[in-house]
1. When a/c reaches 1.5 or more, the comparison of a/b and b/c decides; with that in mind, is segment 247-329 rounded, prolate or oblate per its Cα gyration tensor?
2. Quote the FRET efficiency, to the nearest 0.05, computed for I227 versus E376 with a Förster distance R0 of 30 Å and r equal to the Cβ-Cβ distance.
3. Using only the Cα atoms of segment 1-87, build the gyration tensor, take square roots of its eigenvalues as a ≥ b ≥ c, and label the shape rounded, prolate or oblate: rounded if a/c is under 1.5, else prolate if a/b is larger than b/c, else oblate.
4. Can you give the convex hull volume per residue for the Cα atoms of segment 199-343, as a whole number of Å³?
5. If a/c stays under 1.5 just call it rounded; otherwise compare a/b with b/c (prolate if a/b is bigger, oblate if not). Do that for segment 1-157, with a ≥ b ≥ c from the square roots of the Cα gyration tensor eigenvalues.
6. Holding the Cα-Cα limit at 29 Å, pick out from K91/K160; K196/K240; K26/K160; K100/K412 the pairs that are longer than that.
7. Order W246, W355 by their accessible area, 1.4 angstrom probe, all chains in place, largest first.
8. Using a 7 Å offset from Cα along Cα-Cβ at E198, what residues in segment 95-137 end up with backbone N under 16 Å from the label point?
Amino acid sequence: MTSEMKTIAVIGLGYVGLPLAVEFGKSRPVIGFDINASRIEALRAGHDATQEVSTQELASANHLSFIRDPADLAAASIYIVTVPTPIDAHKRPDLTPLIKASETLGRVLKHGDIVIYESTVYPGATEDDCVPVLERVSGLTFNEDFFAGYSPERINPGDKQHRLPNIRKVTSGSTPEVAEEIDQLYAGIITAGTYKAESIRVAEAAKVIENTQRDLNIALVNELAIIFNRMGIDTEAVLKAAGTKWNFLPFRPGLVGGHCIGVDPYYLTHKAEAMGYHPQVILAGRRINDGMGAYVAGQLVKAMLKRRIQVDGARVLILGLTFKENCPDLRNTRVVDVVAELRDYGVQVDVHDPWVDPNEAKHEYGLNLVTKPKPEIYDGIILAVAHDSYRDVGVSALRGYGRAGHVFCDLKSVFASNESDLRL
């Protein structure tokens with residue numbers, strides 16, 4: 001059977017898996033599988049809670065079906081794994097979803113099948129951690145009975161310009177022949193083109209350093225913001241001035257969360273330490289970025305004290321909970337660090353975010369969101385996420401939630417410097 005005729009199964013229908021299933025499903029048979037029953041039912045009804053795929057786009061995938069029974073995966077010949085790869089409370093990689101997905105596939109794997117992983121991992125995870133599970137459960141032999149590949153996801157949640165088809169795709173395979181088949185498979189839906197890496201390990205390493213590099217750049221700017229704040233210099237003004245040089249990189253300070261930038265570096269450092277090397281620069285950047293929530297809370301408290309606002313018992317409103325603007329994604333949001341730190345000071349914290357499902361906020365972080373903040377009751381207001389809705393309503397309306405003499409912190413420099421009392 002040619003690659004064009006093979007049925008594809010996508011395992012994990014989140015921000016990464018669903019757009020992939022939809023693109024392939026426009027032209028060939030695709031099975032979309034997820035362990036979340038309510039997610040499957042919603043997708044069957046034409047609704048994507050992540051808002052990455054519209055109802056019209058879902059309807060355009062004429063060859064896509066959604067399943068809940070793992071046994072139905074046996075109808076496929078190519079499997080693409082897009083499950084989450086988080087870190088645990090000790091910043092260690094948690095491969096549990098990946099291992100469980102591999103076990104599920106091992107039960108249906110057949111001679112000639114190909115398993116492609118897209119989840120972010122450390123170099124070697126596909127062949128050292130996942131493939132042995134496939135072999136053990138299936139009883140088949142790797143690179144004789146079945147094959148593997150790795151093609152790192154590059155989805156940017158909430159980004160309506162950089163979408164799956166127009167983001168160049170890195171591909172790889174466990175043999176030269178399989179690498180070519182996988183590359184051609186993705187070339188059929190990626191208009192931006194593909195790049196065939198030399199090996200699975202190269203492709204894994206390329207993915208993990210993409211976000212490590214970005215993490216370090218943001219850490220540098222965050223440290224600069226801390227330094228400039230002590231000097232009484234506006235960081236945004238400095239960055240705008242420096243940005244007039246053609247090769248100055250346009251990074252901005254802020255909270256670093258999400259499913260990639262705040263997580264991926266720990267996968268690389270974990271593997272490095274397992275091999276006897278202790279990374280210094282990467283972990284230094286992580287320490288800075290992981291500490292920004294406490295820093296923001298501390299700066300707000302200092303500003304309140306300077307205005308003789310009693311901190312213990314004060315009320316603070318945080319605007320925005322998602323890890324980035326204009327998307328409902330709560331994964332690894334570091335806004336919760338600000339909430340926790342302020343509560344340690346005895347502050348009563350309310351959180352508002354029009355993009356977030358209140359039930360998800362409660363389930364994930366134990367937060368009861370306010371749907372409509374009351375005016376003139378808050379001693380401090382933090383604009384934590386630059387949602388367009390906050391920008392559009394204007395700074396006067398946002399400050400209207402505060403009491404006379406309140407402190408307004410524009411964490412993302414959404415408004416002009418003279419319109420806020422505090423910003424990074």
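The values are calculated or read from the model by the stated rules, or taken from the named source; none is laboratory data. Quick caveat, the model's predicted, so the values are computed rather than measured. When we count neighbours, we look across all protein chains shown, and the Cβ atoms used for this are built from the backbone with ideal geometry, even at glycine. We work out accessible area using only protein heavy atoms, side chains counted, and drop any ligands, DNA or RNA first. Shrake-Rupley method; radii C 1.70, N 1.55, O 1.52, S 1.80 Å.
1. It comes out prolate by the Cα gyration axes.
2. Plugging the Cβ-Cβ distance into 1/(1 + (r/R0)^6) gives 0.25.
3. Judged from the Cα gyration tensor, segment 1-87 comes out oblate (a/c at least 1.5, b/c at or above a/b).
4. 155 Å³
5. oblate
6. K91/K160; K196/K240; K100/K412
7. W246, W355
8. 123-124
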